[in-house]
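In what follows, a structure is listed as structure tokens, so that the remarks can point back to it.
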Amino acid sequence: MKQSLEIFNRLVSELLADEAENPVAEHIPSTELYERLDIKLQKEGISATALENSLKSLVFASPRTATPGFFNQLFGGRQDKAVLGDLMSVILNNSMYTYKAAGPQVGVEKAILREVCDMVGWGPQADGALAPGGSMTNFMGMMMARDAFNDQIRFEGVAQKMTVYTSAEGHYSTQKNAAFVGIGRAGVRKIATDDQGRMDMAVLRATIQDDIAKGYHPVLINCTAGTTVLGVFDDLVAASAIAKEHNIWLHVDGAYGGAVLFSDTYKHLIKGVENADSFTINAHKTLGTPLSCSLIVVKDKKHLHDSFSNDASYLYQTDEDDFNPGKTSVQCGRRNDALKLWVLWKSVGTNGLEKIVDKQFELADTARAYIRNNPDYTDYSEDNTIAACFNYKGIPAEDICTALYEHSELLVGYGSFRDDTFIRLVTVNATNENEDILNFFKTLEAFVAKNENLLTQTVAA
Ligand code: ABU
């Protein structure tokens, strides 16, 4: 172990030094990967030195997600205390199904879930669980919605025509999850949005009424707190009124934006979340922990037990269900994703988590101000989000993003809303400073100036 930890320390020190100089790793086309890197496996083992060299090449060539060159997805940065917690999870290697196997780590998970439930405003009946990503915690929400509608489905299978409702701008996990739980992709109603990209509540209400008239059983309204492209928030107060009227489960997919719960300034964006039945937050997105750390909290823990508990005499041999989280989990063996958030939270306090969230909005404001004050940019952004959406000099977003990637300049992606496609700059890395955001634009502009011919070909065509 000592030798491996020494290798780890050396490689990490070298990587961090290199990241400071080169925020974007050299692009390796996937067609050249196995020729350029020593990835293929062989029958005989290799020396520690050869292994270290091989690992170093791999590590140095991997995309750098913690630098001011990465704005591509809804995560990024490196909160060091959270990294410390995650490294400890790996060393401890507890499995989170039982108190016997995870001991106080179960208490850590419970403390986080309790605190989040309290912050939502729910009582002692509320609880939660962790799963390996927002798609999975959203899946858990849908499963509980299905079982709350009909508590026999989990025993007998699906016999009724069920429907679920989500924004046309919602995450694609809704469609996949509908297939998993037996509702089927055809049972997903993608509700049109208003001009700001929020689910249109009048259309939602009318669609539900229409489905009921046709004999369908609406079981879930999935609201989005932070849509993947524009980053906007559905109106939870209006959605909860519709859900209540028709006795439909309300899940809030806050995988991206749910962490505004921690911010006095921005929690108004999820006003009404206390009326939901379940709520997803990804700490690996807007709280900056390493992947993955996805939480689902539920107003009434009965639903977690109803949908996910199963006896297993070889596993559950000590302690009450409350301390055996396997009884409320979608998984059996489960890594400890709670510790990284706990170490970060313990270190910076709830006020420190608030600062992380507020910083993301500040960085987005900086980006939007730059875009809006520069005539070369076309702005597609919405305020009160952590996404700055724009085009530059009319160059197609796909061309510019792909060229920046292939030339190892910046990692940033693009998205579409209605008829427009634009670059999506996500300011989720709270370890960035305003200067890093301005440098992003400088790098982009310098790159375009240098490659004007290449990038303007499509515009001219
Ligand atoms: N849930 C991941 C979304 C990925 C992205 O839009 O970057």
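The values are calculated or read from the model by the stated rules, or taken from the named source; none is laboratory data. On a predicted model such as this, the values are computed, not experimentally measured, just so you know. Virtual Cβ from ideal backbone geometry, glycine too; neighbours counted across all protein chains shown.
A few comments on the model shown:
- Residue in the stretch 324-341 that is surrounded by 20 or more Cβ atoms within 10 Å (Cβ to Cβ) and within 19 Å of SER263 (Cβ to Cβ) present: yes
- Candidate set: the stretch 264-302, residues that are of a type in the set (S, T, N, Q) and part of a helix (DSSP H, G or I); chosen: the one nearest to VAL90 (Cα to Cα): THR286
- Only one of the numbered conditions (1) touching a residue at least 12 places away in the same chain (Cβ under 8 Å); (2) out of contact with any Lys or Arg (no Cβ under 8 Å at 6 or more places or on another chain) is violated by ASP195, and that is (1).
- TYR414, sole failed condition from (1) within 16 Å of the ligand (Cβ to nearest atom); (2) modelled with pLDDT under 95: (2)
- Top-ranked residue in the stretch 86-110 [being buried (at least 16 other Cβ atoms within 10 Å of the Cβ) and of a type in the set (Gly, Ala, Ser); ranked as farthest from the ligand (Cβ to nearest atom)]: ALA101
- Candidates ASN439, ASN391, filtered to the one that is among the polar types (S, T, N, Q), away from the ligand (no atom under 16 Å from the Cβ) and part of a strand (DSSP E or B): ASN391
- Number of the exception - HIS305 against (1) free of Cβ contacts under 8 Å to residues at least 60 places away in the same chain; (2) part of a loop (DSSP other than H, G, I, E, B): (2)
- Test for GLY128: is it of a type outside the set (Ser, Thr, Tyr), more than 30 Å from ARG36 (Cβ to Cβ), touching a helix residue (DSSP H, G or I) at 6+ places or on another chain (Cβ under 6 Å) and not in a helix (DSSP H, G or I): yes
- Residues (crowded, with 22+ Cβ neighbours inside 10 Å and away from the ligand (no atom under 16 Å from the Cβ)) located in the stretch 73-85: GLN79, ALA82, GLY85
- The stretch 52-72: number of residues that are surrounded by 14 or more Cβ atoms within 10 Å (Cβ to Cβ), of a type in the set (A, V, I, L, M, F, W, C) and closer than 23 Å to ARG10 by Cα: 5
- Taken as a whole, the structure places ALA403 among residues that are free of Cβ contacts under 8 Å to residues at least 60 places away in the same chain and more than 15 Å from the ligand (Cβ to nearest atom).
- The condition of being of a type outside the set (D, E, K, R) and either touching a Ser or Thr at 6+ places or on another chain (Cβ under 7 Å) or surrounded by fewer than 15 Cβ atoms within 10 Å (Cβ to Cβ) (or both) holds for only one of PHE155, PHE149, that being PHE155.
Listed here are the residues, each with its yes/no results for (1) within 21 Å of TYR256 (Cα to Cα); (2) in contact (Cβ under 8 Å) with a residue 12 or more places away in the chain.
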| residue | (1), (2) |
| --- | --- |
| GLU320 | no, no |
| ARG368 | yes, yes |
| ASP376 | no, yes |
| ASP379 | no, no |
| GLU382 | yes, yes |
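- Filtered residue count, the stretch 417-434, keeping only those that are more than 12 Å from the ligand (Cβ to nearest atom) and assigned to a strand (DSSP E or B): 5
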